[in-house]
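The values are calculated or read from the model by the stated rules, or taken from the named source; none is laboratory data. Remember, it's a predicted structure, so these values are computed and weren't measured experimentally. Neighbour counts are summed over all protein chains in view; Cβ atoms, including those assigned to glycine, are modelled from backbone coordinates with ideal geometry. All accessible areas refer to the heavy atoms of the entire protein, side chains included, with ligands and DNA or RNA removed. Shrake-Rupley method; radii C 1.70, N 1.55, O 1.52, S 1.80 Å.
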There are 2 protein chains.
Amino acid sequence: MKEPQPKTAAATVADVARLSGVSKATAARVLGGYGTVSDKARDAVMLAAQELDYRPNELARSMTTGRSGTIGVVVGDIENPFFGSAVRGISDAARASGFNVVLANSGEDVEAERVAINTLVAKRVDGLIVSPAQESTVGHLEEIGQTGRPLVLLDRAIAALAVDSVTADDRQAAEALTRLLVERGHREIAYVTACDTPTHLYRDTGDILTASVRERIEGFLEVGAEAGIADMRRWVRLGANTSDATRRLTIDLLREGTPPSAIIASDSLIALEIFKVAREQGIDMPGALSLVTFHDAAWTAVTTPPITVVRQPVYEMGEAAAKMLIERLNGEQCAPRHLILPTQLVERASVAVRGHSDDGPRIRII
Amino acid sequence: MKEPQPKTAAATVADVARLSGVSKATAARVLGGYGTVSDKARDAVMLAAQELDYRPNELARSMTTGRSGTIGVVVGDIENPFFGSAVRGISDAARASGFNVVLANSGEDVEAERVAINTLVAKRVDGLIVSPAQESTVGHLEEIGQTGRPLVLLDRAIAALAVDSVTADDRQAAEALTRLLVERGHREIAYVTACDTPTHLYRDTGDILTASVRERIEGFLEVGAEAGIADMRRWVRLGANTSDATRRLTIDLLREGTPPSAIIASDSLIALEIFKVAREQGIDMPGALSLVTFHDAAWTAVTTPPITVVRQPVYEMGEAAAKMLIERLNGEQCAPRHLILPTQLVERASVAVRGHSDDGPRIRII
DNA sequence: AGCCCCTAAGAGACCGGTCTCTTTTTCAAA
DNA sequence: TTTGAAAAAGAGACCGGTCTCTTAGGGGCT
């Protein structure tokens with residue numbers, strides 16, 4: 001029935017036209033599904049197309065139409081389940097509207113991010129969804145707008161950039177988490193994040209170049225201040241961007257003169273590593289150490305104790321970002337929109353109640 | 001210095017040529033980095049390019065060169081950490097060789113897979129990496145070859161297809177897992193997989209359309225037979241392809257007259273759900289139920305008890321697949337290669353020793 | 001029959017690069 | 001100075017589609 005023709009070059013519209021005895025224009029109309037064509041011509045063309053195993057060349061099509069039907073996505077690390085879910089949301093929404101996804105990993109490195117964006121623009125993606133590594137370096141993001149392509153920021157908004165964004169309500173979430181701990185009697189609460197500064201030290205929120213993390217730290221500090229905890233800032237720990245770094249940082253933290261009685265992890269990868277360290281060191285959880293984290297990763301529900309988390313609607317964030325982008329591609333011209341999705345505190349069992357007398361069990365690592 | 005020109009159409013080689021006062025061909029030589037050009041001309045062109053904020057159009061370039069510098073990847077579900085790691089491996093290797101990745105989710109549905117492949121071919125990806133949903137339907141995979149594009153199968157080989165593949169040693173892994181359980185005295189061992197048949201019933205390995213799973217079940221059955229366990233086949237359970245399905249299936253399994261004393265989960269998503277069910281039902285693990293799984297997902301190390309797993313080199317599998325594909329793209333012409341990476345049994349604490357007297361604790365769910 | 005409108009089809013430019021082929025320039029050796 | 005080969009630059013076809021513009025037919029209406 002169908003003859004495989006491995007060596008022959010792929011059939012083109014012109015080939016089909018020739019075989020079916022119509023002009024290239026008519027064949028193109030049938031194959032491209034536009035214009036008006038008689039049934040007779042249509043049948044002839046379709047037959048010839050099948051005969052030649054014609055496959056349209058989207059590249060050529062994109063070239064003339066100026067639309068590639070492709071959206072570029074740049075995330076920090078697709079291996080992180082957070083981005084895994086987000087990309088799935090993006091990709092489902094994109095497919096529903098006939099778009100494809102080109103994926104690039106930045107490894108949270110701005111330079112890699114810049115290169116990736118340039119490549120994607122060169123490939124003529126119709127629009128981009130980016131989870132920017134840093135807020136301070138935005139030149140490459142601004143350039144996207146200059147090329148006339150819409151951009152949607154995912155998970156991390158940048159105030160200086162007048163573009164759409166989809167984020168979770170990080171500030172509120174951090175406040176809820178911190179307040180929970182404070183209400184349970186905790187006063188030594190550490191906040192551990194993958195974000196980093198050149199000195200690896202935290203002085204003020206201006207140091208933090210990732211909006212979502214900054215918001216969280218602000219919420220954390222504010223609730224601490226409200227509760228009258230002195231020098232809350234010293235409890236912020238940066239640079240937990242690899243499992244090794246997290247491990248070292250956690251051990252150092254727990255070895256200090258006054259170790260924290262509770263830790264807030266900025267993402268589930270960090271929480272996992274902290275959990276492992278605590279378990280290895282034989283630290284009773286939550287008795288001696290409470291742990292809460294952002295991102296309701298699948299595993300947080302099955303540990304002993306299960307972890308209290310803030311659930312971010314990650315899949316939905318990805319989905320919303322893609323939908324926003326596609327609206328822009330369909331001509332939506334409104335002012336930049338900032339969609340902030342609500343989070344949900346999921347209380348499980350990783351937070352202990354501490355007496356105010358400060359006589360709870362103490363961690364001791366040698 | 002640089003003038004943003006938002007409304008102006010993107011600058012082309014011809015524009016740059018005009019401004020710099022050279023021919024289009026010369027400008028193209030400079031911008032495209034080929035041919036020989038005088039320093040004077042080069043400088044003029046570069047200056048003009050900067051002035052106009054020239055950005056190359058990869059689409060146009062691909063059209064003439066016939067190479068898009070893009071590889072298409074079709075996986076079942078990017079949300080599954082298994083594929084997350086694999087895609088990261090692919091994407092890192094691809095980038096190292098200057099390739100981009102277009103990602104498509106099949107949702108383990110052959111029809112969606114077919115559509116995705118057609119789209120990717122239409123987009124003129126240089127080659128594809130596919131984790132095929134079914135072994136029985138290969139027409140769309142064969143067509144890839146007919147278009148002259150190399151294909152590498154990931155995680156699931158298909159004997160009928162003469163193409164490269166990268167898999168883990170599933171057979172050996174299943175044998176190791178089953179043998180471990182048998183040696184610990186287990187004789188009622190269930191195997192739970194996401195694969196399914198039209199009847200949802202398992203008769204023989206011919207029913208299983210995913211090579212990796214078939215190999216695993218064969219290994220499972222063989223070790224069972226060696227151990228003299230009667231009718232091992234009845235312990236194979238299919239259709240755990242959503243968390244709800246897994247949950248129902250697990251509860252049914254544990255309610256049977258003779259429930260299993262151990263379960264082998266075919267992937268970490270299934271294991272997670274089984275673990276949750278066991279915990280909810282108050283089943284002592286491993287005392288009343290042992291659990292082992294394929295895929296050393298991050299969480300398996302932190303549960304109580306931690307789960308004994310088979311570690312597959314997932315990232316490396318993705319990496320190897322991409323490297324193989326790129327070799328083909330660079331003209332490698334050898335016969336199809338089948339790379340089988342070794343797995344590793346990671347013994348943790350989810351397997352109990354059972355006495356031969358069959359008097360261990362029994363599961364009872366009402 | 002004459003006129004008009006509408007459908008169908010063809011011709012050919014165009015998108016933005018690459019690449020071949022040809023012509024001009026450069027420069028060193030004779 | 002002449003000569004010749006190599007280097008540099010230009011002209012224009014080409015990739016495979018889309019799309020505009022033009023021309024050829026086919027009723028319906030007066």
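So what is the 222 nm mean residue ellipticity for chain B from helices alone, if each DSSP H run of at least 4 adds -39500 (n - 2.57) and you divide by all residues, rounding to the nearest 500 deg cm²/dmol?
Computed mean residue ellipticity for chain B: -12500 deg cm²/dmol.
So what J values fall out for region A:251-268 if you push phi through Karplus, 6.51 cos²θ - 1.76 cosθ + 1.60 with θ = phi - 60°, rounded to Hz, Gly and Pro as x?
Listing the rounded values in order: 4, 4, 4, 6, 8, 5, x, 10, x, x, 9, 8, 10, 9, 9, 7, 8, 6 Hz.
Using all Cα-Cα distances in region B:254-328, what percent lands in each 5 angstrom bin from 0 up to the longest?
Whole-percent P(r) values from 0 Å outward: 3, 14, 23, 19, 12, 8, 7, 6, 4, 3, 1.
Whose amide H sits under 5 Å from the amide H of A:Val101, counting only residues 5 or more places off or on another chain, with H placed in the peptide plane?
When sequence neighbours closer than 5 places are left aside, the close amide H contacts are A:Ile71, B:Leu103.
Using only Cα atoms, locate the centre of region A:294-313 and the centre of region B:124-162, then give the distance between them in Å, rounded to an integer.
Here the answer is 38 Å between Cα centres.
If amide H atoms are built 1.01 Å from N in the plane of the peptide, which residues on other chains or at least 5 residues away come under 5 Å of the amide H of B:Arg237?
The answer is B:Tyr191, B:Val192, B:Thr193.
Just grab the label-to-label distance for B:Leu201 and A:Asp284, each label 7 Å out from Cα along the Cβ direction, in nm (one decimal).
So the label points at B:Leu201 and A:Asp284 sit 5.4 nm apart.
Provide the buried accessible surface between chains B and A in square angstrom, both chains summed, 1.4 Å probe, rounded to the nearest 100. Provide the component values of the computation, followed by the final result.
Numbers: alone 18020 and 18020 Å², together 31290 Å².
That pair of chains buries around 4700 Å² in total.
At a 1.4 Å probe radius, which order do B:Asp207, A:Asp15 fall into by accessible area, largest first?
The ordering from most to least exposed comes out as A:Asp15, B:Asp207.
Based on the Kirkwood radius over alpha-carbon pairs, what value in µm²/s does the Stokes-Einstein equation return for the translational diffusion coefficient of chain A at 20 °C and 1.002 mPa s?
92
Check each of the trypsin sites (Lys or Arg not before Pro) in region A:112-207 and keep only those in coil by DSSP with at most 13 other C-beta atoms within 10 angstrom; list them in order.
Those satisfying the criteria are A:Arg203.
Where nothing but the Cβ of Lys and Arg (+1) and of Asp and Glu (-1) is charged, how large is the charge dipole of region A:48-118 around its Cα centre, in debye to the nearest 20?
Dipole of region A:48-118, to the nearest 20 debye: 380 debye.
Apply the Karplus curve 6.51 cos²θ - 1.76 cosθ + 1.60, θ = phi - 60°, to the phi angles in region B:98-111 and return the couplings in whole Hz, x for Gly and Pro.
So the Karplus estimates, Gly and Pro as x, are x, 10, 9, 10, 9, 9, 9, 9, 9, x, 6, 10, 4, 5 Hz.
What does the charge count near A:Met285 come to, summing +1 for each Lys or Arg and -1 for each Asp or Glu among other residues with Cβ under 13 Å from its Cβ? Spell out each step's value before the answer.
On the way: positive: A:Lys276, A:Arg279, A:Arg348; negative: A:Glu280, A:Asp284.
For residues surrounding A:Met285, the net value is +1.
Shortest first, in nm, what separates the label point of A:Ser136 from those of the same position in the other copies (7 Å along Cα→Cβ)?
A:Ser136 label point versus its equivalents elsewhere: 5.9 nm.
Regarding region B:51-142, what whole-number volume in Å³ per residue does the convex hull of its Cα atoms give?
On the way: hull volume 11.4 nm³, N = 92.
Dividing the Cα hull volume of region B:51-142 by its residue count gives 123 Å³.
Please report, for B:Pro336, the nm distances (one decimal) from its label point, 7 Å out from Cα along the beta-carbon direction, to the equivalent points in the remaining copies, shortest first.
Label point to label point, same position, other copies: 5.2 nm.
Which trypsin sites (Lys or Arg not before Pro) does region B:1-83 hold that lie in a coil by DSSP with at most 16 other beta carbons within 10 Å?
B:Lys2, B:Lys7, B:Arg67
Given the C-alpha centroids of region B:51-79 and region B:194-223, what is the distance between them in whole angstrom?
Cα centroid of region B:51-79 versus Cα centroid of region B:194-223: 39 Å apart.
In the protein assembly as shown, with Lys and Arg counted as +1 and Asp and Glu as -1 at Cβ, which of these residues, B:Leu47, A:Ala245, B:Leu339, has the Cα nearest the positive end of the dipole, that is, farthest along it?
So the residue furthest toward the plus end is B:Leu47.
Pairs of alpha-carbon atoms within less than 8 angstrom and 6+ residues apart define the contacts here; what relative contact order does chain B have, in percent?
Over chain B, the number comes to 18 percent.
Tell me, what is the Rg over Rh of region B:170-311, with Rh the Kirkwood radius over Cα pairs?
0.92
Could you work out, residue by residue across B:301-311, how many beta carbons of other chains sit within 10 Å of that residue's beta carbon, and then give the average as an integer?
Values: counts 5, 13, 4, 5, 1, 1, 1, 0, 0, 0, 0.
Taking all residues of B:301-311 together, the mean is 3.
Using amide H atoms built in the peptide plane, which far-off residues or other-chain residues are under 5 Å from A:Arg311 H to H?
Those qualifying (amide H under 5 Å, at least 5 residues apart or on another chain) are A:Gln344, A:Leu345, A:Val346.
Compute, for A:Thr167, the solvent-accessible surface of its heavy atoms (probe 1.4 Å) with the complete set of protein chains present, and express it in square angstrom to the nearest 10.
20
Could you compute how much accessible surface B:Cys334 exposes when probed at 1.4 Å, giving the result in Å² to the nearest 10?
Surface accessible to solvent at B:Cys334 totals approximately 50 Å².
Return the average number of partner chain Cβ atoms within 10 angstrom of each residue Cβ along peptide B:123-133.
Mean inter-chain Cβ contacts per residue within 10 Å come to 2.
How long are the semi-axes of the equivalent ellipsoid of region A:99-214, taking √(5λ) for every eigenvalue λ of the Cα gyration tensor, in whole Å from largest down?
Output for region A:99-214: semi-axes of 32, 16, 12 Å.
Between copies, how far apart are the A:Arg348 label points? List them in nm, one decimal, shortest first, with each point 7 Å from Cα toward Cβ, please?
Label-point separations across copies, in nm and ascending: 1.3.
Once phi is turned into ³J(HN,Hα) by the Karplus curve 6.51 cos²θ - 1.76 cosθ + 1.60 with θ = phi - 60°, what whole-Hz value does each residue of region A:292-298 show in order, with x for glycine and proline?
Along region A:292-298, the couplings run 9, 8, 7, 6, 7, 5, 3 Hz.
Suppose every Lys and Arg Cβ carries +1 and every Asp and Glu Cβ carries -1, with no other charges. What dipole size does region A:170-312 come out with about its Cα centre, to the nearest 20 debye? List each step's numbers first, then the result.
Working: 16 positive and 20 negative charges, 42 e Å.
Charge dipole, region A:170-312, about its Cα centre: 200 debye, nearest 20.
Which value, in Å² and to the nearest 10, is the accessible area of A:Asp196 when all protein chains are kept and the probe is 1.4 Å?
Solvent-accessible area, nearest 10 Å²: 60 Å².
How about B:Lys123: which aspartates and glutamates have a C-alpha closer than 19 Å to its C-alpha, ignoring those fewer than 8 places off in the same chain?
Qualifying aspartates and glutamates at Cα under 19 Å: A:Asp53, A:Glu58, A:Asp92, A:Asp126, B:Glu58, B:Glu111, B:Glu113, B:Glu142, B:Glu143.
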